[in-house]
Protein chains: 2
Amino acid sequence: MYLVNDTTTQACPTLAAPAVRVRRLGIDTHQEPIIYMRRDCPVCRSEGFEAQSRINITVGERTIIATLNVVEPALFPDELLSLDEAGLSEAAWKLLEPREGAHAELSHPRPLESLSHIRAKIYGKTLSAEQMHAIMRDMVHGRFADVHLAGFLAACAGDRMTNGEIVALTQSMVDVGEQLSWNADVVVDKHCVGGLPGNRTTPLVVSIVAAYGLTIPKTSSRAITSPAGTADAMATLTDVDLDIADIRRVVQREGGCIAWGGAMRLSPVDDILIRVERALDIDSEGQLVASVLSKKIAAGSTHVIIDMPVGPTAKVRSPIAAQKLARMFEAVAEPMGLNLKVVTTDGSQPIGHGIGPALEARDVLAVLQGQPDAPADLHGRAVKLAAEIFELSGKVAEGQGAELARQILDDGRAWAKFQAICEAQGGLHEPPVAAHQHDVVAERAGTVVAVDNRRLARAAKLAGAPEDPAAGLEFHARLGTRVAKGEPLFTLHAESPGELDYALAYVAEHDGIITLE
Amino acid sequence: MYLVNDTTTQACPTLAAPAVRVRRLGIDTHQEPIIYMRRDCPVCRSEGFEAQSRINITVGERTIIATLNVVEPALFPDELLSLDEAGLSEAAWKLLEPREGAHAELSHPRPLESLSHIRAKIYGKTLSAEQMHAIMRDMVHGRFADVHLAGFLAACAGDRMTNGEIVALTQSMVDVGEQLSWNADVVVDKHCVGGLPGNRTTPLVVSIVAAYGLTIPKTSSRAITSPAGTADAMATLTDVDLDIADIRRVVQREGGCIAWGGAMRLSPVDDILIRVERALDIDSEGQLVASVLSKKIAAGSTHVIIDMPVGPTAKVRSPIAAQKLARMFEAVAEPMGLNLKVVTTDGSQPIGHGIGPALEARDVLAVLQGQPDAPADLHGRAVKLAAEIFELSGKVAEGQGAELARQILDDGRAWAKFQAICEAQGGLHEPPVAAHQHDVVAERAGTVVAVDNRRLARAAKLAGAPEDPAAGLEFHARLGTRVAKGEPLFTLHAESPGELDYALAYVAEHDGIITLE
C-alpha cells in the first residue's frame, strides 16, 4: 500500500543483522535465556538495545529470544566480555548449543502474534484452538519471558478456561512435543492429582501392572507445589531422565517404566509452565487437566485411571469439588478418545511414613519387599489403583482386580519387576539420608484427631524438599494414634542447618499441624 | 505447641545468618534485584541456595529480597567473584546502597503472607483492604519477583477488580509512598487516559492554569504501551526527575510543575507495576484508575479533570466503554474525597503533528510560541481542558473558562509561565533530532477517511520511541486531507538503521494505517 522515500541526508546503511561472538558466561538463571552485552558495545548502540530488551539470537540453524542484561564496562573486565562479544546464560547456551566464540546474529524479534492472544486471555476472552496452538508453539521455542508465562498462567487459573480451551490446550501441548506409539491395543496409565503428602503409589502400581503383562509407559512430573513428585522420589532410586529411545527400550523389555516426563519432550511446555507455577505457587485445575492428559496422550496411553484424594486439607477438599474436577477430566478426555476413570480416595492424612523424595522412596521399597514395618495404607492404596487399572483395561473381569493385584504385590512378582525396571533404567541405588534430623514431639498426651496435610507439606518443603532429595519429614501420628507426652509426632530431615532452622521456626509458629484430643 | 528434640548425631551448628562481602557487578537487569554467587561458595552450600532461590540480603539497616543467579566457578574468574563474595545487580545495589565490600547477611526469606493474597486473587477471590495493603507494602519493598507482579496484574486485569478493591488498591498505593500537601484550598490536576498519539496537552494546560494563579503540581508517568508519555516528552525539554524537595520549590515559586512521578516516590508501586505492564503490554482499567488517582491524591490534588479520548482506535473505543470507565473513576474518587470530572474528547486521530517524545515536545513549543504552523487541534484541546479545570475549581464562573484559557495561551502568558517552570526545573533545552528520517508516501491520490491510531503508535514504537527520545513519526494526513500520489502521509524518525528497518517492515505489511478514498 505504501511507498517509502528516503529523505534523510545520511544514507541508510545496509540492514544486515549485526554479528557478535558468543561467550559462555556460566551464569545459571534457571530456564530463562539471558544475553549479556556491554553498554558501550556497538551492537547495543546501533540497534537501540537496552536492559530488558528482548533480542533474537541466531547461531547457525538455531534462533532463540533472550532478555538483555546490560553490563557496565567500568565494573566488568574486558577479559570477561569484550566489545564484540555477547555473554550467554546457561539456559541460552543450552538452547543454542554454539561453539565457544561462534558468530551470532542479533536482531529485534518480531512482535509475537501469540502475545496478543495471551493478552486477550488476560482480558477475559476465550481463545480459539489456533490461538492456543500459537501460544504453545512460541512457548516451546522459548520465545516468552517469564512474565509472559506468569500472565498466561494467572489468566488461565481458577475457572477461567472453558472445556473447549482445555481441550485445545491439551491437544496443543501434545502437538508441540514428541509422541510415542506402542504395539499394543491397550496402553494403561495412572495419575494422582496430588495434594496428599507421601502418596507414592506409582512405582508400586507400575510394578504390579507390568508384572501382569500390561503396557504402562509411565512418565511422572517433578513436584510443582508439593514436597515431592514421583519423579523426585524415583530419582533417588534410579535414573529417571530417560529420552525417547530409552523409554522405548525399557518398556519393550519390561512392559513399564517410571520416568521423568520432562527429559523426553512429551508435552515439553508442561515443564516450562511448571517452573513458573512453582514460583507463583499455583496449580490450577484447567492447567492440571491439560498437563496430565497431554502427557498421557503423548505417551500413547489409551486407558487412564485418575487417583483423586479428597479431604479437608488435600488438594481436592470436598466431594463437590472432586465431582467438578472429575467432570473436567472426563469432558476433556472424551473428545480426545481417551478411556478415563476418576477414582476418589481418602485424603484426610498422608500416606505412608515419609514425606520428601528419599523418604517416600524408602516406603516404596518397604512395601515391595514386604518388610514388617511397611506402611499398610500405601500397600492398600496401590492394590486399589492397580485393580482399577486391571478392570478399566478390560483384561481382567470386574471384581477380580483387587485380588489379582494383591497377589502380584505380595508374592514378590512386583518387587522383581520393579528391580528389572530400575536395572533397565540404569541401576537401583540406595536413597540418601539427611545430615540433620530433629524430632517434633507432643507437648502433652492425646489422640490424633486431625492432620493438616498442607502444613506438613510446607514444613517438609521448608526443610529442603524436593530440591534436597533426602530432606522432608517422617510422619508418626496417623489419625487415631494415641501418643504420650514427649513422643515424636514427626521427624524433620534436612541437609543444611539453615533449612532445618527454618522448618522448625514454621512448626513452632503454626498450631494445628497435628491436633490431639 | 510443640517441643523439639535433637536426635541427630551431628550437632546443629549455630544458626546465625552467614555473612558475605557484597560486590557491585555492574549488571543492569532493569528493576529486578539479582544476587550472583558461585556454585562452590560455602553459603550456597550450607543454606541450600540454588538458581532462582529467593534470598534475604541485609546490609546495615536495609533488607531486600533478591533472586539468585548461580555462577559456574570454572567460567567466572575468581577476581570477579570470590568464594566469600556476593555480586549484586544494579537494581539490588541501588536498593541496598552498600559500601563496596560491605558485609551482608543472607537468609531464607519468610514465606510472604501477601503472596497468598495474590494467589487468592488469581483464583478469583475478592481481596480485603488489609490484603491489598499487605501486597502493596511488600511490593514497594521489592519483595516480589517479576513473575509475582505479572501474576498480580493478570489477576486484576479486565473486569476482575471490584470498585471496593480499586479503592483499596488506590489507598494502599498512596499509603506506601510519600505524600505532598499545599497551602491552598484548591489544588488542581488533569490526566489523559491515553491511547491517542500526540495528545500532549499537559505542558500547555499546566502553563495556562499556573499562569492564572492556580496550584497544579503535575506529575506524569512515562509511556506504558504508547510511543510517549508526558514525562518522556518533557524530559527532552527540561529535567523531570524531581524529588519531593524539588517539586515543593518549583510549585511554591511558579504555582505548577511538570515532573515525572516515579522519581518522587508518590505512589512508587505504580512505577514497579508499569514496568511489568509494559513487558506484558497490558494496561487494564482498574489498574489505570488506581494508578492515576493514587498519584493525584499523593500529590495533594483536590480537583481533577480526566481527559478521555474516544474513538474506534483510541484506548477507549466507544461511548459505552467511556461511560463505564468514567463511572469507575467517579466511584473510586468519591469515597476518597476527590472532586473529579471526566471530559470525553474526540479520539478519532492523533493530535498535533508529532508522535514520540521530542516530536511531541516540538508541537508543544510551537503552540506556546504561537508559531504559524502550530497544530490547531492541540491548541484547541489544551484550551478546552484548561477551561474545564477553571470551572471545576470554582474559581472561574461556568461558561467563562474557555475564553480565559485562550487569552492566557495566546497573549504569551502561558509561554512565559512554561519557560519559568522549565527554568525552575533545571533549564529549557532544545529537543533532539533523529539521525534517520523516512517519508511514507501515498501510492495513489485520495482523501484521508480513517486513521488507525494503534498502528501509527506501533510504527512509532518500532522506530524506537519512547526509549530513543528523538524517534517516532510526524503525521501529515489528518482526516479529510486531500493527498496527491507520492505525497508523504507520515515521516518515520529513528536513531538506528535497525529500528528504522523494523518500523518500515511493519508499515509495508500493514494496510489500513491511513485509509484513502
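When restricted to residues that are in contact with a Pro (Cβ under 7 Å, 6 or more places away or on another chain) and closer than 19 Å to A:ALA233 by Cβ, region A:432-461 contains 6.
Can you confirm whether A:ALA154 is crowded, with 19+ Cβ neighbours inside 10 Å, within 14 Å of chain B (Cβ to nearest Cβ), of a type in the set (Gly, Ala, Ser) and not in a loop (DSSP other than H, G, I, E, B)? Spelling it out, A:ALA154 is indeed crowded, with 19+ Cβ neighbours inside 10 Å, within 14 Å of chain B (Cβ to nearest Cβ), of a type in the set (Gly, Ala, Ser) and not in a loop (DSSP other than H, G, I, E, B). Within region B:293-328, the set of residues being in contact with a Gly (Cβ under 6 Å, 6 or more places away or on another chain), buried (at least 21 other Cβ atoms within 10 Å of the Cβ) and under 26 Å from B:ALA450 (Cα atoms) comprises B:PRO309, B:VAL310, B:ALA314, B:LYS315.
Residues checked against (1) more than 14 Å from chain A (Cβ to nearest Cβ); (2) crowded, with 24+ Cβ neighbours inside 10 Å; (3) of a type in the set (A, V, I, L, M):
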position: B:ARG200; (1), (2), (3): yes, yes, no
position: B:LEU214; (1), (2), (3): yes, no, yes
position: B:PRO217; (1), (2), (3): yes, yes, no
position: B:THR230; (1), (2), (3): yes, yes, no
position: B:VAL240; (1), (2), (3): yes, yes, yes
position: B:TRP260; (1), (2), (3): yes, no, no
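Within region A:119-130, residues that are within 12 Å of chain B (Cβ to nearest Cβ) sit with their Cβ atoms under 9 Å from residues that are part of a helix (DSSP H, G or I) and among the basic types (Lys, Arg), at 6+ positions apart or across chains, in these pairs: A:LYS125/A:ARG119.
The sole residue among A:ASP159, A:ASP185 that is modelled with pLDDT under 90 and more than 20 Å from the chain's Cα centre (by Cα) is A:ASP159.
In summary, B:ASP468 fulfils each of the numbered conditions (1) surrounded by fewer than 19 Cβ atoms within 10 Å (Cβ to Cβ); (2) touching a helix residue (DSSP H, G or I) at 6+ places or on another chain (Cβ under 8 Å) with the single exception of condition (1). For region A:477-509, a tally of residues being part of a loop (DSSP other than H, G, I, E, B) and within 8 Å of chain B (Cβ to nearest Cβ) returns 3. Taking A:ALA184 as the residue in question, decide whether it is away from chain B (no Cβ under 14 Å) and either under 25 Å from A:ALA366 (Cβ atoms) or hydroxyl-bearing (Ser, Thr, Tyr) (or both). When the stated conditions are applied, A:ALA184 does not pass them. Taking region B:95-115 as the search range and keeping residues that are within 27 Å of the chain's Cα centre (by Cα) and open to solvent by 30 Å² or more (accessible area, probe 1.4 Å), which one is nearest to the other protein chains (Cβ to nearest Cβ)? That would be B:LEU112. Restricting region A:12-63 to residues that are aliphatic (A, V, I, L, M) and open to solvent by 30 Å² or more (accessible area, probe 1.4 Å), the residue that is modelled with the lowest pLDDT is A:LEU15.
The set of residues in region A:425-465 that are under 19 Å from A:GLY198 (Cβ atoms), more than 9 Å from chain B (Cβ to nearest Cβ), crowded, with 19+ Cβ neighbours inside 10 Å and in contact with a Ser or Thr (Cβ under 9 Å, 6 or more places away or on another chain) comprises A:PRO431, A:VAL448, A:VAL451, A:ASN453, A:LEU456, A:ALA457, A:ALA460, A:LYS461, A:ALA465.
Out of A:ALA66, A:ALA91, one residue alone is open to solvent by less than 20 Å² (accessible area, probe 1.4 Å) and more than 12 Å from every other protein chain (Cβ to nearest Cβ). It is A:ALA66.
In region B:160-178, of all residues being assigned to a loop (DSSP other than H, G, I, E, B) and touching a residue at least 40 places away in the same chain (Cβ under 8 Å), the one that is surrounded by the most Cβ atoms within 10 Å (Cβ to Cβ) corresponds to B:MET161.
The values are calculated or read from the model by the stated rules, or taken from the named source; none is laboratory data. Here the structure is a predicted model, which is why all the values come from computation and not from measurement. Methodologically, a virtual Cβ is constructed for each residue, glycine included, from the backbone with ideal geometry; neighbour enumeration extends over all protein chains shown. These area figures cover heavy atoms from the full protein model, side chains too; ligands, DNA and RNA do not enter into them. Shrake-Rupley method; radii C 1.70, N 1.55, O 1.52, S 1.80 Å.
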